Amino acid sequence: MSKRAGFVALIGEPNAGKSTLLNRVVGAKVSIVTHKVQTTRARIRGVAMADQSQIVFVDTPGLFQPRRRLDRAMVAAAWGGASDADVVVLLIEANRGMTEGVERILEGLDEIGKGRKVALAINKIDRVDAPVLLGLSEKMNARYEFEETFMISAERGHGVDALRDWLAGQLPEGPWLYPEDQIADLPMRMIAAEMTREKLTLRLHQELPYQLTVETEGWEERKDGTARIDQLIYVIRDGHKGIVLGHKGETIKAVSKAAREEIEEFLGRRVHLFLQVKVRPNWLDEAERYTEMGLDFKDGNS
């Protein structure tokens with residue numbers, strides 16, 4: 001059997017379950033999963049193996065109506081990821097159906113989908129009855145000519161293997177793009193920063209949904225096999241700094257502990273994590289911050 005390799009873009013609205021699906025197929029936690037929309041900022045790629053095929057996933061930020069520079073850069077990254085891929089998978093939620101947002105994505109697909117295989121994956125199938133599912137599938141396929149339609153539950157794993165195996169067969173023949181043991185092409189520093197940001201988002205999602213970002217400033221490998229990781233948390237106001245630190249530093253301690261444990265599990269060894277909070281009023285307008293997130297600052301221009 002000859003080797004195959006190629007790129008698959010997962011696109012959909014925020015919270016459709018793209019990161020959950022990616023983590024399920026890749027079998028490791030590569031893309032962060034939170035209940036807050038717009039958490040995936042960078043085009044994280046996870047690599048999955050299926051027989052002799054190497055599937056490289058481009059996990060794109062959710063597609064939504066952009067309002068600010070950061071939003072516009074994220075949406076540009078999402079469509080950029082789709083137009084670079086061999087196969088595109090549109091993920092929609094069974095319980096939400098054909099929303100306005102899905103309608104807008106379909107309009108974009110009319111353009112981007114040309115000359116490319118596009119599949120539909122209806123996620124969260126356990127939340128609706130079979131007739132509703134079939135009706136949604138018919139409606140979507142009447143609106144766009146999908147190669148295949150898959151009914152899945154990314155969270156429970158239902159239907160995910162069938163989707164993965166189909167994708168494996170659609171990729172072009174050719175050598176693998178990554179060593180077999182490599183699951184994400186993001187530098188470890190960025191993955192570690194994302195893990196800390198996930199913990200902050202989960203903890204502070206009501207107070208500070210998008211006003212913070214995390215960067216790994218230092219990474220020192222130690223002789224005893226551990227690593228020292230220094231990270232900066234940027235917030236845009238003084239008041240936000242107090243929220244991140246929490247009463248007597250309780251919030252930052254809890255976040256640091258949770259992030260450290262997850263980074264250790266990911267790396268399979270001990271780490272010493274040091275977090276610092278800095279106020280940077282304009283970080284949303286600094287090109288450097290976007291580069292750190294794997295986004296293009298210029299894409300944010302209106």
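Figures for the structure shown
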read-out	value
Relative compactness, region 57-174, computed as alpha-carbon Rg over 2.2 N^0.38 Å	1.07
Residue 274 accessible area, 1.4 Å probe, all protein chains in place, Å² to nearest 10	90 Å²
Nitroxide proxy distance, nm - points 7 Å out along Cα→Cβ at residue 265 and residue 206	2.6 nm
FRET efficiency, 1/(1 + (r/R0)^6) with R0 35 Å, evaluated for residue 188 and residue 149 via beta carbons	0.45
³J(HN,Hα) computed for each position of region 268-279 - Karplus, 6.51 cos²θ - 1.76 cosθ + 1.60, integer Hz, glycine/proline x	x, 7, 6, 9, 10, 10, 10, 10, 10, 10, 10, 8
Debye log10 I(q)/I(0) at q = 0.18, 0.19, 0.21 Å⁻¹ for region 145-280, Cα point scatterers	-0.99, -1.04, -1.16
Volume per residue that the Cα convex hull of region 78-122 spans, once the total is divided by residue count, Å³	62 Å³
Average projection area in nm² (convex hull over Cα atoms of region 101-165, one quarter of hull surface)	4.8 nm²
Debye equation applied to the C-alpha atoms of region 137-179, log10 I(q)/I(0) at 0.19, 0.22, 0.29, 0.34 Å⁻¹	-0.77, -0.88, -1.00, -1.09
Net length gained if the chain between residue 139 and residue 224 were fully extended (0.36 nm per residue, minus Cα distance)	24.7 nm
For q = 0.14, 0.26 Å⁻¹, Debye-computed log10 I/I(0) when each Cα of region 231-302 counts as one equal scatterer	-0.59, -1.08
Estimated distance in nm for a label pair at residue 217 and residue 253, the labels positioned 7 Å out from Cα along Cα-to-Cβ	2.2 nm
Full-extension gain in nm, residue 100 to residue 280, via 0.36 nm per residue minus C-alpha separation	61.3 nm
Convex hull volume per residue for region 203-250, taking Cα atoms only, in Å³	104 Å³
At R0 = 25 Å, FRET efficiency that the Cβ-Cβ distance of residue 132 and residue 156 yields, to 0.05	0.85
Range of Cα positions in the chain per principal axis (Å), largest first	56, 42, 38
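The values are calculated or read from the model by the stated rules, or taken from the named source; none is laboratory data. Just so you know, these numbers come straight off a predicted model, no measurement behind them. Cβ sites come from the backbone with ideal geometry, for glycine too, and all protein chains shown count toward neighbours. Side chains included, ligands, DNA and RNA excluded: accessible areas come from the protein's heavy atoms. Shrake-Rupley method; radii C 1.70, N 1.55, O 1.52, S 1.80 Å.
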